[in-house]
Amino acid sequence: METKKKSSAVKTPYNLSPRIQWLRDYYFKGCDRKWNNEFLAFTTGSDFDELFDETSFYIVPEVYAFFNTFVKSFPQAAYPVETPAGFYAWSIAERRAWFVKEAAVNRMPAEILPGDLIAGGRFNLMASRCWSKSETKQRNKLAFGKGGVREKVIEFKDRGFGNCGATSGHLIPDYPRILREGFAGVKADILTRLDALSAADKKGPRGSQLRAMLTACSMPCELAARYARLCGELAGKEADSARKAELETMKRNLEKVPEKPAEDFWEALQSLWLTHMLVLTDENYPGAGVSFGRIDQYLLPYWQTSVANGMDREFGKELLKCFWMHCNYAYDAMISTGNQGITAGYGQLFNISGMGKDGRDMTNELTYVFLEVIDEMSPILEPKPNVRLHTGSPEPLLDKVVDLIAGSQGAPFLLNFDERSMAGLLREAKMAGCEDLINTGNVFDYASVGCLENTMCGNDRSATVDCNLNLLKAVELTLGNGKELMEYTDAVWGKPYKSPVGAPRTGEPETFADFEAFYAAFMTQTRFIIKKIVDLYDESSALRARFSPTPYLSCLVRGCAEKGLDVTQGGAQLNFITVEGVTFATTVDSLLAVKYLIYDKKICDFKTLIAALKANWKGYEVLQAAAKNKAPKYGRDDEEADALACRFMSDWSSEVWKYKTASTGAQFRGGMLSWNYWIGSGYILPASPDGRENGQFLSNAICPVNGTDINGPTSNANSVGAALGGKGENGDFGEWFNCLPNGASHTITLSPALMRDGEHKAKLKSFLKGYVQNGGTALQINILDADMLRDAQEHPEDYKNLLVRVTGYNAYFTSIGRELQDEIIARESHNRF
Amino acid sequence: MEVIISDIQRMSSEDGPGLRVTAFFKGCSLRCEWCHNPECIAFHGELIWNENRCIRCGTCIGVCPNGCLAFDADTLKIDRAKCVACFRCEDACPGAALEGKGKAFTPEKLCRELVKDRAYFGTDGGVTLSGGEALMQPGSVEVLQCLKSRGIQTAVDTCGMVPAETLERALPFTDIVLYDIKVLDNGLHEKLTGCGNGTILENFDLVCRWAEKGGRLWVRTPLIPGATDSPGNIEKIGALIKSKGASVERWELCAFNNLCRDKYRRLNIPWKYRETSLLTESEAKRLAAAAEKTLACAQIRLTGATMKEGETNG
């Protein structure tokens, strides 16, 4: 029975020891904390030195206006570090490895918070790029000069194409190797490879890369030694005997890991944390999408050893909870400037459960430990859990998953669906010709980065959010015969862009005899926008490859040592760039509307439709209503509409496979994650044939246009699966097809009534099992009622902890803008009746 | 034989066990005063005007072949005596404000729609035929047959006021019967629903015998303020169920629902319960307790929405 009530209770954490309660409360004090992990900046002190590398932020349009500020202000705020003689004679990679290590090990403060069981606090570092004067000049000409990358990126965004840039993070380093071999093992391997180089190669780029990596390898070891000393000092001063013993154990742990292999759970977590946080340090980027992979699999042996040696299960969870808190400190990077924008969701993601070899289920005791920790700590943003489900997922796991969903406002994890995901990765292996590295013998060991972007682990420079393309732009260019339907202006200065956009002339739409002719022209424009984004991307990728190596991260990605090539230069065994198709449903619905209004029902001609779009539908309300309400829509399990969705999905994603970066040889592939672009670009792109006005949001990732999924969650999910290719004989994996190897973000909102008791939770479980069969690669579930959200808008102070899923990420409801809040409320209200 | 359907509800969680798809058949043999599906009372097609979606373009007025439609100020008036439910207006309405309730499906075509959620049915979900009174349409048996041939679990939600022969033809293709028993007093039943309950109780015997041989039977009793919600009525129904031994698997007490107010307005049908509030939580719980006390069957459930004490409900 459900009882109407004004507002539901917000999920609260529970079963926290005084230690964890204190650490958690302390974290949430935010700016009021004495201790924080805000960026600390270090410079070579030269007058040409630069710290901030904007290429990572080309995909964050909100930051464009601040680029110059960041470039100029970081050196001013930086502490000088004296560089050794002959510094500029070294390669950039060697300079960076030395500099980052020096700053991280010897200049960053090292502290341990009261009661903390894991060491490694400060990691948000902004370090000198270590460019020489002439390198700085060359690089900045390419980056900010006339016709440089920055200018093009800004115009690309202002004219509604989307955005792209070579971005840090978004991959899964080979952490299990560090647990197994320690950095000593990595170091030994690099030394062997360095020795094997010819004299010429030793002097060349391969030699310098390997030397840089050697330096980088010693960074975690030296930092651990520093923390070990600190623990020793603290233990010496500690009056409480229990705490003293903890600090002494931490000291011993740090004297051993991550240099040497870990042997128990505490050591493994310590090793993992220190290794991970230094990736964020090395990239000068607070962790977006640096993900842990299949954590319940590779930590299991350490857990079992510790349990066998008498570790209390609750103490094991206590260690994990400390680990949890450390991940959240990524958000401190720019804490003084507020908790907005990019900091709404980082995505240090881990996967638990999922399929193993021969379809076996890999759920283990540690999987359940993780689920308990997630539940007890939630709501909290990091690390980001992702539970992998498949046909063989065990009932107790599904029960626990459903319980957790029922108990939170949004599911406290993402769900990934193995069969559909693996189908995409096997398709990728075929298309990219890397079946030696991805095949039925290992594809089950995939994992997700950031939000839900599927990749292989430890050898895949997955670059999952680097290209975000508004597919809808091709509709505009088709209707305009290669011209835009409106004048676009520079978002900062308001100056109109006069230069031609360079799109092919595909013909005046009135001349298209049938929908096929229209679609052919549309695909020509789609090919044009894809070419445009891959070309532009290549420019920022080339910039990064030449000037911004990350030698420490390169130590953690298989392939880099073998090739003697930095991970930014294509060193990984697998190198992919995802073109995320943004505005998919708006585009499909626009095609469906053109077909319906012009060809099938002959309600209007192209001239009228174009005039209506240019007028933003003002004066064309009847036509707009027909476009919105009468034209078929994707997302309703309507076979005809979904067939067009599937056709377009196949066509655009096939086009993406044709490209590789010239700079690094990375293969482009398709995915669908729209982060928050579907909101911002809605204000840029003109009205669309589906009835949307300029200023209204576009569709999010692979989701249907908001409000169009009138047949409920099952039909919505069926459409998503159908768009990805559906099922049939000779699928990419079993019966499953999938054109999007990198995955597709799908969000649905369910009413709390669906999980009010055991019987209804069983129904939700049926839904999830059905989703495995028919749905997409990834699902995020919001459990909300509109009244509660409206109350949260009015009384944000009562809802500080209310987490909602936006797309691939969670955000605190009260920290997001009013428009997005309204959007989430609209989504929920729609589902109620 | 074609069937006339008003709506198909995907992912239904309240019409039987598991996740289901429910088809609402048009037309009913009873006239319950509180009916929450008024669009399924009449057998013929009916037009509904959703005023909030209407953009007042007047397109519909022009396409109606019988001149049934006209604006009275801002309100669309439907001359229901003249409307033949051709639904040309629905087709033409750009705002999707006009909605035709009652579309014809062949059993085969209906089944194709109903099985689209098959992957989500799991072990205990399936399709429910509801309404209206599904069994008043002879084609419903063909629909059940068609679903069974595809291996779908079927449920029939019935008021029991149907010819016994139809029931006998339907039961072999039915896994679960959701059987409404509203009031045991014959006179009161006639007053509230337009019919006495003689046939309904006879058919209940029939269904119970079917259930003894393996069919699943759920009894449902709507808790309607001032009509069915006397503890005495609940106790009598409980005793009846108990007298049937173990044939009834479950008894659901369905709290009065007033979200259908707008549907009555849109059909231009006055509704006696317009101003009636939801049951309060304590009223509903008291009735549930009375039901529990009868030990009628293993599962007794209270469903639907109630309100807290002191809350006004609009």
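Overview of values
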read-out: Residue count, region A:734-769 (criterion: within 11 Å of chain B (Cβ to nearest Cβ), part of a helix (DSSP H, G or I) and either without any contact (Cβ under 8 Å) to a residue 24 or more places away in the chain or not basic (Lys, Arg) (or both)); value: 11
read-out: Meets criteria (farther than 30 Å from B:Ala119 by Cβ, open to solvent by 30 Å² or more (accessible area, probe 1.4 Å) and more than 14 Å from every other protein chain (Cβ to nearest Cβ)) for B:Ala92; value: no
read-out: Tally of residues being under 18 Å from A:Asp709 (Cα atoms) and touching a Leu at 6+ places or on another chain (Cβ under 7 Å) across region B:14-26; value: 1
read-out: Check on A:Ser688, away from chain B (no Cβ under 14 Å), buried (at least 23 other Cβ atoms within 10 Å of the Cβ) and in contact with a Cys (Cβ under 9 Å, 6 or more places away or on another chain); value: no
read-out: Odd one out for A:Phe74 among (1) in contact with a strand residue (DSSP E or B) (Cβ under 9 Å, 6 or more places away or on another chain); (2) surrounded by 20 or more Cβ atoms within 10 Å (Cβ to Cβ); (3) closer than 30 Å to A:Pro18 by Cβ; value: (3)
read-out: Residue identified as under 28 Å from B:Arg31 (Cα atoms) and either of a type outside the set (S, T, N, Q) or more than 14 Å from every other protein chain (Cβ to nearest Cβ) (or both) among B:Glu108, B:Glu168, B:Glu113; value: B:Glu168
read-out: Residue match in region A:77-94 (condition: over 30 Å from A:Ser674 (Cα atoms), among the charged types (D, E, K, R), crowded, with 22+ Cβ neighbours inside 10 Å and in contact (Cβ under 8 Å) with a residue 24 or more places away in the chain); value: yes
read-out: Residue within region A:199-209 that is in contact with a Phe, Trp or Tyr (Cβ under 8 Å, 6 or more places away or on another chain) and hydroxyl-bearing (Ser, Thr, Tyr) present; value: yes
read-out: Which listed residue is open to solvent by 10 Å² or more (accessible area, probe 1.4 Å), farther than 19 Å from A:Tyr329 by Cα, of a type outside the set (D, E, K, R) and part of a loop (DSSP other than H, G, I, E, B), from A:Gly160, A:Gly147; value: A:Gly147
read-out: Residue among A:Gly726, A:Gly731 that is at positive phi and away from chain B (no Cβ under 11 Å); value: A:Gly726
read-out: Residue among A:Asp651, A:Asp709 that is of a type in the set (D, E, K, R), within 14 Å of another protein chain (Cβ to nearest Cβ), touching a residue at least 60 places away in the same chain (Cβ under 8 Å) and open to solvent by 10 Å² or more (accessible area, probe 1.4 Å); value: A:Asp709
read-out: Check on A:Asp32, crowded, with 16+ Cβ neighbours inside 10 Å and over 28 Å from the mean Cα position of the chain (by Cα); value: no
read-out: Residue check, B:Gly58 within 13 Å of chain A (Cβ to nearest Cβ), at pLDDT 95 or above and closer than 30 Å to A:Trp617 by Cα; value: yes
read-out: Contacts under 6 angstrom Cβ, first residue in region B:195-206 being closer than 16 Å to B:Leu178 by Cα, partner assigned to a helix (DSSP H, G or I) and open to solvent by 50 Å² or more (accessible area, probe 1.4 Å), 6 or more apart; value: none
read-out: Residues (within 14 Å of chain A (Cβ to nearest Cβ), touching a residue at least 60 places away in the same chain (Cβ under 8 Å) and not aromatic (Phe, Trp, Tyr)) located in region B:116-137; value: B:Lys116, B:Asp117, B:Gly122, B:Thr123, B:Asp124, B:Gly125, B:Gly126, B:Val127, B:Thr128
read-out: Flag for A:Lys658 being away from chain B (no Cβ under 14 Å), in a loop (DSSP other than H, G, I, E, B) and among the charged types (D, E, K, R); value: yes
read-out: Residue count, region B:40-53 (criterion: within 13 Å of the chain's Cα centre (by Cα) and surrounded by fewer than 24 Cβ atoms within 10 Å (Cβ to Cβ)); value: 2
read-out: A:Gly665, sole failed condition from (1) modelled with pLDDT under 95; (2) at positive phi; (3) more than 14 Å from chain B (Cβ to nearest Cβ); (4) surrounded by fewer than 24 Cβ atoms within 10 Å (Cβ to Cβ); value: (1)
read-out: Candidates A:Leu597, A:Leu623, A:Leu591 - the one that is more than 14 Å from chain B (Cβ to nearest Cβ) and either part of a helix (DSSP H, G or I) or not β-branched (Val, Ile, Thr) (or both); value: A:Leu591
read-out: Residues satisfying the stated conditions in region B:253-284, i.e. loosely packed, with under 15 Cβ neighbours inside 10 Å, assigned to a helix (DSSP H, G or I) and not polar (S, T, N, Q); value: B:Asp262
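One line per residue, one yes/no per condition, for (1) part of a helix (DSSP H, G or I); (2) within 28 Å of A:Leu280 (Cβ to Cβ); (3) open to solvent by 20 Å² or more (accessible area, probe 1.4 Å); (4) of a type outside the set (Gly, Ala, Ser):
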| residue | (1), (2), (3), (4) |
| --- | --- |
| A:Ile190 | yes, yes, no, yes |
| A:Arg193 | yes, yes, yes, yes |
| A:Pro220 | yes, yes, no, yes |
| A:Ala228 | yes, yes, no, no |
| A:Cys231 | yes, yes, no, yes |
| A:Gly236 | yes, no, yes, no |
| A:Leu247 | yes, yes, no, yes |
| A:Pro258 | no, yes, no, yes |
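The values are calculated or read from the model by the stated rules, or taken from the named source; none is laboratory data. None of these values were measured; they are calculated from a predicted model. No Cβ is skipped: glycine too gets one built from the backbone with ideal geometry, and neighbour counts run over all protein chains shown. The area values use the complete protein model at the heavy-atom level, side chains included, leaving out ligands, DNA and RNA. Shrake-Rupley method; radii C 1.70, N 1.55, O 1.52, S 1.80 Å.
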